[in-house]
Structure formats: structure tokens, C-alpha cells
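Chemist: So that we are looking at the same thing, I have put the structure below in C-alpha cells.
The values are calculated or read from the model by the stated rules, or taken from the named source; none is laboratory data. As the structure is a prediction and not an experimental result, all values here were calculated from the model. Ideal geometry is used to build each Cβ from the backbone, glycine not excepted, and the neighbour counts take in all protein chains shown.
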Amino acid sequence: MSQSPQQTGAVLDVHDMTVAYRRKPVLWDIDLIIDEPGLIGIVGPNGAGKSTLIKAILGLVPMASGRVSVFGGTIRENRKLIGYVPQRESVDWDFPVSAFDAVLMGTYGALGWFKRPSRKQRDWAMECLAKVGMQDLAKRQIGQLSGGQQQRVFLARALAQKARLYFMDEPMAGVDATTERVIFELLRELRDQGCTVLVVHHDLRTVASYFDNVVLLNMRLVASGPVATTFNEDNLRKTYGGRLAILDDAGEAVRAQERSS
Amino acid sequence: MGWLSYNTAIVLSGTSLLGAVSGLVGSFAVLRRRALTGDALAHAAFPGLCIAFLVMQRRHLPGLLLGAFISGVFGVVLISGLRRSTRIKEDAAIGIVLSVFYGGGIVLLSIIEQQTTIGSKAGLKSYILGAAAGMVRSDVMLIGSICVVCTLLVLLLYKEFKLVSFDPGFAEVQGWPVLAIDLGLMTMVALTVVIGLPAVGAVMMAAMLIIPAAAARFWTNRLSLMLTLSAIFGTLTGALGTLATTRFSTLPAGPTIILVGAFLFLCSMLFAPARGLIASWRRMREFRAVVVRQRVLAELFHRPDQTFEKLLKRRSWSGQKLQTALHALVDAERVVKRDLKYSLTDGGTEAAKRVVRGIELWKLFVAENPQLTANFTDLDVENIDEVLPPEVVEQLEVMRSSASAGSVA
């Protein structure tokens, strides 16, 4: 673990983060350092503050206290290195844009003020759509896509950002098998290219097979580290408490992981 | 200009330009879910106008509009303040600010009317319902310049406005100053509302922003086209409404213009091919007819040579629906009628096989993956190969053949 992220330029360094809505704290004293690129799952029960953690890191919700740095600089300085997949429910899908238009928006950040996307950006957006297997639906209005397809549009838009560090808020929530597979393969591809991807994930059974590292969260940071050492029954009990059904699931997941390793 | 007097021409160009800019700016307000904020702005502008009049003691239009602009913007700031710092929801905050400001304006108006010392007090009332006929050349110049400024801004910042209207959170992460861009949009709305007050009036101005945009949305799924159409609808609304008021001079300007807009909206809602009611009703009917035809094909595939009466009893479809479906199938040479009995042609058998396969595979898929059914926008039995990945279809085929083998044995 590095002492001074400014010098080493850790991928992500969250220090002493507390977030409060009105008077209720949602996240308490979060200290999280991610040194190396990889796939990181953020796991915890409903209301544990998983989305809030991502949003606070990105500056979308204010922190009561804390400091965030990415690649040794502030978020503001390194915006161009960051990609984002928000929750699907966060936008109005009836908005008059096509799947292609939505993906093209991923290139806006690098374009800067006033400039219109040119051939280059358009080709790249199309390539990103193709990466999620949606090139044939490029012209469809986004509201006429299925839930899984909408999720893939969001993912393609994030790919279009050409980022080094991605934040994804439940990209696999309620998606079909095809989409889940497409997403997971893309995540691996991104990791192999040296990117870091933080994914808010809800399905404990797939944590071990999808991610290198896991962050267990429930208002406070319960544990974070490699899946092999961190994703165990003890930590899961600390995260989820005595909720038996979930623990059964988790236990099964842990056992499955132990069998495979 | 023959039938068009100079005065009418001035008023006509003023209201047309006002309609155009309202349509353009209103589209963003509607898409950004700020339509009611526009309404609050228009009502909240009214007391500012009265205060400006009390301060200046005369009817000086630019001064009045400045007052209107300030109090309108103040009203909107108050709404967002109420929403942020209390538990009052946005709609309630809008309701409070809108009526309190407007009520304050009406009280101020009656105070002004009682002050006999002020000469040209008459006319302030026209800002409630609008008086397009009173427009002079300088008013048109003002509206025209706002129109040009807003159009240029939208052309220049189209990408930014589009992004912030669609997904402000994503825009923020990309580093755009979302608040400033939003403020730019709201300023355009405020300017449009304020220059519209003399012609259309505080009560009706919001409709001028909302109606052309809402009408345009029925015709297209593309933002650029929606903006263009909305501006055109706005222009038509302003122009036709003005012509109606000049033709029948007793009609109030604002309400007449809005009624013309409502007519355009109604036509769009009914007849637009993309999202209009009649078109979607037709598509729904066509889809239902397709489903019935598929069922008939499947039925005749399993049990050939059935009479109409027998077919009717097999399923709970109405005689008329069945009749229509059979007619269509006979016309398409999928089904032949011999001795009052219906059976499939070769082409019909092929089609029926596809349908039966589709139905069975979907049923298997849904039984295997009940949690996923909500994710599919179309479970059309004929396009299962396009919707599902090939290996899943293959797997389903295996399950299907083993199931049918089981039923034979």
C-alpha cells in the first residue's frame, strides 16, 4: 500500500470520505486505495451507499468531508480519463435521440466547446456500438430498445469516452443473458488493455467469477482486496448481517469459488 | 400590401417571430422537464412589471420588461431554493411561487389603477391576457433580436444543450459546467417569456412554450427535427392566431393564439405518423390481426381440414376476427378453402411451421428464464432468431425436440 498517492499516482485514492443526505450519513469515513488496474466489484446490501460512493467520487453528490484523487490528480483535472455508466433509470428514455446519438455523446468531452462531432467521432461511436453488438440498431430511438439493449447503449457511450478508469452503476441489473455476457467480455477486454473498472454489482453469485478485487460496503467500508482473500463468509456476514437468504447465496458463491480455485 | 395593412404586418411579424423563438426554446424546456418552470416564470414576471411601472411612473417598455425579467428569474430561483432547502417538492414549490407572485402582481395592478396621478396607467392590464395589436416596430425589433440571439446560441451550443438535457449527470462527469449550461437554457426561456408578455400575456405564455414543442414531439424521434418543427409550429401558431384576432377584433390576443396552437397540437396528436394516436392505434390493430392469423395458421397446422364453425369453437376468438384472418390468409395463398373446409397450402405450411416453432421456443425460453421476460420489447414469434443469440436458440431447439420426442413416446 502506498503512503503518498500523489507521488505514486494510485489509480484511485479515496481518503476519509463521509457523505450525508440531510442529517443522515450515508457513507462513513471511507478509505479506499486502488493501486493497480483491474476489475473491481462494489458489493453490499440495498441502501449501503454503493451508488452514492461512485457519485461522491465523481463529484455528483457533495461530500461532507474527504478527499478523492485519481492518477495522482483531482477528479476535475483528470475528467478525460474517466468513463461513467449511470443507472439505467437515471435518464428519460423517451428523449428524442437514437442509439447512435446517445453513444456519440461519449465523444463530446474530448471534443470540447462548440465543435461538432466529425467523421472521426462518428466512426468511433459506430465502432463502440458494434463492440456491444448493437450496430444494426444504431438508428433506433432509445425508447424502442429493450432494457438490456439500453444498458448496452450506456456501455458503448462509456467506451466512446476512451477512459482509463470506468465507474459503472449496476450495468448488469435486470439484463438478459446475452447482454450480461457482452458486458462481462467487454469488462475483461478493458482490463486487459490496462483499464480499471469499478462496478456496482448486486449478484453475489457472480462476484467471484467476474472480478479481481471486491469492495464490501455497508455505510462503512467493511473490506476491500482480492476476491480470493476478501470475499469470504466472515466479511459477507459483516456486510450483510444475519440476513439468511442472502448469506446462503453468498455462502454458496464462496463455496463455488473455493471449489474452482 | 393590399389586404395586409402596415399595422397588421408589424403585429404579424412580431407574433410569428415570438412563436418561432418560443417553439425553439420551449423544446428544451419541455425535454428538460422544465415546462412548468416556464409557467411559473411568466406568472412571476407580472409583479416585476408592475413594480417597474411604479418606479418609473410611465409605460416605458424596455424598463417594464427588465422588471419582469428580474422578478421572473427571482421566482424561479425561489422555486429551486424551496425545493433544495425544505422538503417541499418541485410541483408544490412551483404552485406556491406562481400563485403568490401572480397574486402580488394583481394587487399591485389595482394599486396602480387607484393612483390617479399616473397618466398612462391604462395598458398594464393587457399584460395579463396579451394585446398583440398594440405592437409597434420597436417591439418587433426586440423580439427579432432575441429570436436571432437564441437561434445562434442553439446552433452554437446544440451539442451541449442536447447532452445536458438528456443526461446531466453524465455531462457533469465529462466536465461540462452543467449548472452554467442549464442557466443559459433557463435564461433563454426567461427572455422569451418576458418579450412574449405584451403580446400573449402572463397567463398564456407558458402554453406558447409548451404546445409547439409537445406537438412537434409527435412527428419525430430526432431532436434536430423536433426543434425545427417546433419553431415552425410556433410561427404558424403566432401568425394564424394574429390573423384571427385582427379579423375578429373582439378576440383577446393571447387566448386566441393559444387556441390556434391547441388545434395544431390536436392535429399532431391524432395524425402524426410517428407517434400519433391514430397511427399507433392502427399499428396495435395490425399487430393483433397478425397474432390472430398466426393462431389460425398454427391451428390448421395441428388439425387440417376444419370448417369455419369448427375453427370458431376451438378458440375464443370472435367470428369477425376469424373471418378477417381467414380472408387475409386465403388472399395471401397461405390457406385454401375446399368444400367449406380450410387447409394450408404449401406456403402456408411453411409459414405455420415457423409460427409453431416460434411459439414453442418462446414458451420454453420464458419457462427457463422467467425473470428476463420484462426485458424484451417484442416477443414476436417470427423473429426469435433476431432477438435471441444463436446458441440460446440452438439450446431451445434441443429442448424442444427432446420434449416432442417425449410426448410421442
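Chemist: Of the residues that make up segment B:173-180, is at least one within 22 Å of A:VAL153 (Cβ to Cβ), of a type in the set (A, V, I, L, M) and within 12 Å of another protein chain (Cβ to nearest Cβ)?
Modeler: Pass one, segment B:173-180, residues within 22 Å of A:VAL153 (Cβ to Cβ): B:173-176, B:178.
The next check asks that each one be of a type in the set (A, V, I, L, M); those that pass are B:173, B:178.
Next, from what is left, pick out any that are within 12 Å of another protein chain (Cβ to nearest Cβ): B:173, B:178.
The answer is yes, given that some residue of segment B:173-180 is within 22 Å of A:VAL153 (Cβ to Cβ), of a type in the set (A, V, I, L, M) and within 12 Å of another protein chain (Cβ to nearest Cβ).
Chemist: Moving on. Farther than 18 Å from B:PHE166 by Cα and more than 10 Å from chain B (Cβ to nearest Cβ): is that true of A:LEU187 in this structure?
Modeler: Values: farther than 18 Å from B:PHE166 by Cα: yes; more than 10 Å from chain B (Cβ to nearest Cβ): yes.
Yes: the conditions hold for A:LEU187.
Chemist: Run A:TYR84 past the list (1) in a strand (DSSP E or B); (2) more than 8 Å from chain B (Cβ to nearest Cβ) and report the number of the one that doesn't hold.
Modeler: It is condition (2) that A:TYR84 fails.
Chemist: Could you tell me whether A:GLY66 is at pLDDT below 95 and out of contact with any strand residue (DSSP E or B) (no Cβ under 8 Å at 6 or more places or on another chain)?
Modeler: Details: at pLDDT below 95: yes; out of contact with any strand residue (DSSP E or B) (no Cβ under 8 Å at 6 or more places or on another chain): no.
The answer is no for A:GLY66.
Chemist: Sort out which residues of segment A:158-175 are assigned to a loop (DSSP other than H, G, I, E, B), modelled with pLDDT of 90 or more and within 10 Å of chain B (Cβ to nearest Cβ), and write them in order of number.
Modeler: A:GLN161, A:ALA163
Chemist: Could you give every pair whose Cβ atoms fall below 7 Å, whose first residue belongs to segment B:144-169 and is at pLDDT 95 or above, and whose second residue is assigned to a helix (DSSP H, G or I) and of a type in the set (Asp, Glu), counting only separations of at least 6 or pairs across chains?
Modeler: Taking only residues 6 or more apart or on different chains, the pairs are B:VAL164/B:ASP182.
Chemist: As an exercise: evaluate B:ALA206 against (1) hydrophobic (A, V, I, L, M, F, W, C); (2) away from chain A (no Cβ under 12 Å); (3) touching a residue at least 60 places away in the same chain (Cβ under 8 Å); (4) in contact with a Leu (Cβ under 7 Å, 6 or more places away or on another chain) and give the number of the one condition it does not meet.
Modeler: For B:ALA206, the failing item is (4).
Chemist: Just give me the residues in segment A:117-142 being in contact (Cβ under 8 Å) with a residue 40 or more places away in the chain and within 20 Å of B:LYS162 (Cα to Cα), in sequence order. Spell out how you get there, then give the answer.
Modeler: Of all residues in segment A:117-142, those in contact (Cβ under 8 Å) with a residue 40 or more places away in the chain come to A:131-133, A:138-142.
Residues satisfying the conditions are A:ALA138, A:LYS139, A:ARG140, A:GLN141, A:ILE142.
Chemist: Among the residues of segment A:139-156, are any under 17 Å from the mean Cα position of the chain (by Cα) and part of a strand (DSSP E or B)? Even if it seems obvious, please write down each step before you answer.
Modeler: Narrowing segment A:139-156 to residues under 17 Å from the mean Cα position of the chain (by Cα): A:148, A:150-156.
Add one more test, that the residue is part of a strand (DSSP E or B), and what stays is none.
No, because not a single residue in segment A:139-156 is under 17 Å from the mean Cα position of the chain (by Cα) and part of a strand (DSSP E or B).
Chemist: Would you point out which residue out of B:THR307, B:THR349 is touching a strand residue (DSSP E or B) at 6+ places or on another chain (Cβ under 6 Å) and β-branched (Val, Ile, Thr)? Reasoning before the result, please.
Modeler: Numbers: B:THR349 fails: touching a strand residue (DSSP E or B) at 6+ places or on another chain (Cβ under 6 Å).
Answer to the check: B:THR307.
Chemist: Is it true that some residue in segment B:77-96 is surrounded by 22 or more Cβ atoms within 10 Å (Cβ to Cβ), modelled with pLDDT under 95, touching a helix residue (DSSP H, G or I) at 6+ places or on another chain (Cβ under 8 Å) and of a type outside the set (A, V, I, L, M, F, W, C)?
Modeler: no
Chemist: Let me ask you something else. Restricting segment A:25-62 to residues that are under 17 Å from A:GLY73 (Cα atoms) and of a type in the set (Gly, Ala, Ser), which is farthest from the other protein chains (Cβ to nearest Cβ)?
Modeler: A:ALA56
Chemist: Among the residues of segment B:342-380, which ones are at pLDDT 85 or above and small (Gly, Ala, Ser)?
Modeler: B:SER343, B:GLY347, B:GLY348, B:ALA351, B:ALA352, B:GLY358, listed by residue number.
Residues are listed down the side, and each one gets a yes or a no for (1) more than 14 Å from chain A (Cβ to nearest Cβ); (2) over 30 Å from B:GLY348 (Cα atoms); (3) in contact with a His (Cβ under 7 Å, 6 or more places away or on another chain):
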| position | (1), (2), (3) |
| --- | --- |
| B:PRO255 | yes, yes, no |
| B:ALA272 | no, yes, no |
| B:GLY276 | yes, yes, no |
| B:PHE301 | yes, no, no |
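Chemist: Follow-up question, since we're still on this one. If I filter segment A:99-120 down to residues being more than 7 Å from every other protein chain (Cβ to nearest Cβ), of a type outside the set (Asp, Glu) and within 14 Å of A:ILE142 (Cα to Cα), which single residue comes out as surrounded by the fewest Cβ atoms within 10 Å (Cβ to Cβ)?
Modeler: Only one residue fits best here, namely A:PHE100.
Chemist: Just to check your reading of the model, which residue among A:GLY72, A:GLY9 is out of contact with any Phe, Trp or Tyr (no Cβ under 6 Å at 6 or more places or on another chain), away from chain B (no Cβ under 14 Å) and farther than 17 Å from A:MET168 by Cα? Walk me through it before giving the result.
Modeler: Values: A:GLY9 fails: out of contact with any Phe, Trp or Tyr (no Cβ under 6 Å at 6 or more places or on another chain).
Of the residues listed, the single one that is out of contact with any Phe, Trp or Tyr (no Cβ under 6 Å at 6 or more places or on another chain), away from chain B (no Cβ under 14 Å) and farther than 17 Å from A:MET168 by Cα is A:GLY72.
Chemist: Let me ask another. Which members of segment A:95-112 meet the condition of being in a loop (DSSP other than H, G, I, E, B) and either modelled with pLDDT of 95 or more or in contact with a strand residue (DSSP E or B) (Cβ under 6 Å, 6 or more places away or on another chain) (or both)?
Modeler: The first filter runs over segment A:95-112 and keeps only residues in a loop (DSSP other than H, G, I, E, B), leaving A:95-97, A:112.
Those that are in a loop (DSSP other than H, G, I, E, B) and either modelled with pLDDT of 95 or more or in contact with a strand residue (DSSP E or B) (Cβ under 6 Å, 6 or more places away or on another chain) (or both): A:PHE95, A:PRO96, A:VAL97.
Chemist: Need a quick list: helices (runs of 4 or more DSSP H) entirely within segment B:118-175 having at least 3 residues that are out of contact with any Leu (no Cβ under 8 Å at 6 or more places or on another chain) and among the hydrophobic types (A, V, I, L, M, F, W, C). Write out each step before concluding.
Modeler: Working: elements: B:126-129, B:137-156, B:158-166, B:168-173.
Hits in segment B:118-175: B:137-156.
Chemist: Name the helices (runs of 4 or more DSSP H) wholly within segment B:270-359 that hold at least 2 residues that are among the β-branched types (Val, Ile, Thr)? Reasoning before the result, please.
Modeler: Details: elements: B:277-302, B:308-314, B:319-331.
Passing ranges, in order: B:277-302, B:319-331.
Chemist: Moving on to the next point. Can you find even one residue in segment A:128-141 that is among the β-branched types (Val, Ile, Thr), surrounded by 21 or more Cβ atoms within 10 Å (Cβ to Cβ), closer than 19 Å to A:TYR210 by Cβ and within 9 Å of chain B (Cβ to nearest Cβ)? Working first, answer last.
Modeler: The first filter runs over segment A:128-141 and keeps only residues among the β-branched types (Val, Ile, Thr), leaving A:132.
Among the residues that remain, those that are also surrounded by 21 or more Cβ atoms within 10 Å (Cβ to Cβ) are: A:132.
With the extra rule that they be closer than 19 Å to A:TYR210 by Cβ, the set shrinks to A:132.
Filter once more, so that each one left must be within 9 Å of chain B (Cβ to nearest Cβ): none.
Scanning segment A:128-141, I find no residue that is among the β-branched types (Val, Ile, Thr), surrounded by 21 or more Cβ atoms within 10 Å (Cβ to Cβ), closer than 19 Å to A:TYR210 by Cβ and within 9 Å of chain B (Cβ to nearest Cβ), so the answer is no.
Chemist: Moving to a separate point now. I'm trying to understand the selection: among the residues of segment A:88-98, which are surrounded by fewer than 18 Cβ atoms within 10 Å (Cβ to Cβ) and within 11 Å of chain B (Cβ to nearest Cβ)? Quick ask: steps written out before the conclusion?
Modeler: Of the residues in segment A:88-98, the ones surrounded by fewer than 18 Cβ atoms within 10 Å (Cβ to Cβ) are A:89-90, A:92-94.
Across segment A:88-98, the qualifying residues are A:SER90, A:ASP92, A:TRP93, A:ASP94.
Chemist: So is B:SER110 buried (at least 16 other Cβ atoms within 10 Å of the Cβ), more than 21 Å from A:SER90 (Cβ to Cβ) and not hydrophobic (A, V, I, L, M, F, W, C) or not? Give the steps one after another, and end with the answer.
Modeler: Values: buried (at least 16 other Cβ atoms within 10 Å of the Cβ): no; more than 21 Å from A:SER90 (Cβ to Cβ): yes; not hydrophobic (A, V, I, L, M, F, W, C): yes.
Here the answer is no, as B:SER110 does not meet what is asked.
Chemist: Any residue in segment A:143-157 that's more than 9 Å from chain B (Cβ to nearest Cβ) and among the hydrophobic types (A, V, I, L, M, F, W, C): show its pairings with residues that are in a helix (DSSP H, G or I) and surrounded by 24 or more Cβ atoms within 10 Å (Cβ to Cβ) at Cβ separation under 7 Å, as long as the two are six or more apart or on different chains.
Modeler: Qualifying pairs under 7 Å: A:VAL153/A:ALA99; A:VAL153/A:ALA102; A:VAL153/A:VAL103; A:VAL153/A:ILE142; A:ALA156/A:VAL103; A:ALA156/A:CYS128; A:ALA156/A:LEU129.
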